[in-house]
Amino acid sequence: MDQRFLDEKGFTDLFNEFDVAYINVTDEIWAEEIIDPETVKAAVEEKYDPIEPKIYGYLPKKLHHYRGSTIISYSKYKQYPTFTLKNLFGLLPDPIRCWWHGPNNKRFNQSIIDINKLYTTYFNILGIHETLGKTPVIHPNGAITIPGFKYNIHENLGIVGIGTDRVELDTIMAGLGSYPLPELEYLPLSDGILGKYHEEYYTEAAVLDWLPIMKKS
């Protein structure tokens, strides 16, 4: 299934062209090709408060080989709020992540923070959030409807945000897109842990109207 996806989306050719290795994190963890959880626990807790104990067992050896290098958390505007911090939620190995959301999403924000703590312990993480190419944009009268969302597709909106403080970056990009801040609770919860949270950045970005096509009127 992985190979079919890579082939269909053009990643196989791209990876071959640039000599890129593809790693399926879930497969590595299920095969127990991981760094000893106690070693990971000690490293994480040198920097942060303890995290969900399961996550100490979620660092593949193949990734640990590149410890200290840069990971790019690359995300796009979508028809729902998801940015560079939440992007790492995808590195939790369970294909169905209901447990990590928890009842009524009560575990969701902490899960995002915890997986980010793991990876920021071992890597430098650069956040990139962009609207290049085709971008789904939520709109109450959108031409495309799926359960819970209406949106339009726009091309080359021309916004790219890049930063090493991904709390600041995600706050600004959420404001530019007028995404509801209450749905991004992990941002203020990350203040002083994964970066600096400034709610005024959201407010200042929102009034710029760089994406007026997302407005509700």
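All of the numbers you see were taken from the coordinates with simple rules; none came from a lab. Being a predicted model, the structure only gives us computed values, none of them experimental. FYI the Cβ positions are ideal-geometry reconstructions off the backbone, even for glycines, and counts take in every protein chain you see.
Rounded to the nearest Å, what's the spacing between the alpha carbon centres of region 144-198 and region 9-59? Just the number, please.
25
Relative contact order (percent) for the chain, with alpha-carbon contacts under 8 angstrom and 6 or more residues of separation?
Values: 329 pairs, mean separation 37.3, N = 217.
It comes to 17 percent, rounded to a whole number.
Hey, with R₀ at 35 Å, roughly what FRET efficiency would residue 165 and residue 3 work out to, going by the Cβ-Cβ distance, to 0.05? Walk me through the numbers before you get to the answer.
On the way: r = 36 Å, r/R0 = 1.04.
Efficiency, rounded to the nearest 0.05: 0.45.
Between 49, 165, 114, find the one with the highest GNM mean-square fluctuation for the chain; connect C-alpha pairs within less than 10 Å.
49
Looking at the chain, send over the antiparallel percent of its DSSP beta bridges, to the nearest 5.
Given both bridge residues lie in the chain, the antiparallel proportion sits at roughly 60 percent.
How long, wide and thick is region 43-148, going by the Cα atoms along their three principal axes, in whole angstroms, largest first?
Projected onto the principal axes, the Cα atoms of region 43-148 cover 49, 33, 22 Å.
Mind ranking 9-21, 132-144 by how tightly packed they are, going by the mean number of other C-beta atoms within 10 angstrom, highest first? If you can, show how the numbers build up before the last one.
On the way: 9-21: 10.0, 132-144: 14.2.
Going by the mean number of other Cβ atoms within 10 Å, highest first, we get 132-144, 9-21.
Please quote Rg/Rh for region 100-145 to two decimal places, taking the Kirkwood radius as Rh and restricting both calculations to Cα atoms.
Values: Rg = 16.2 Å, Rh = 14.0 Å.
Rg/Rh for region 100-145 comes to 1.15.
Evaluate E = 1/(1 + (r/R0)^6) for residue 36 and residue 199, where r is the Cβ-Cβ distance and R0 equals 30 Å; express this FRET efficiency to the nearest 0.05.
Details: r = 40 Å, r/R0 = 1.33.
It comes to 0.15.
By what distance, in whole Å, do the Cα atoms of region 61-113 stretch along each of the three principal axes, largest value first?
Result, largest extent first: 37, 26, 18 Å.
Per residue and in Å³, how big is the convex hull formed by the alpha-carbon atoms of region 34-214? Present the calculation step by step, with values, prior to reporting the outcome.
Numbers: hull volume 22.3 nm³, N = 181.
Taking only Cα atoms, region 34-214 has a hull volume of 123 Å³ per residue.
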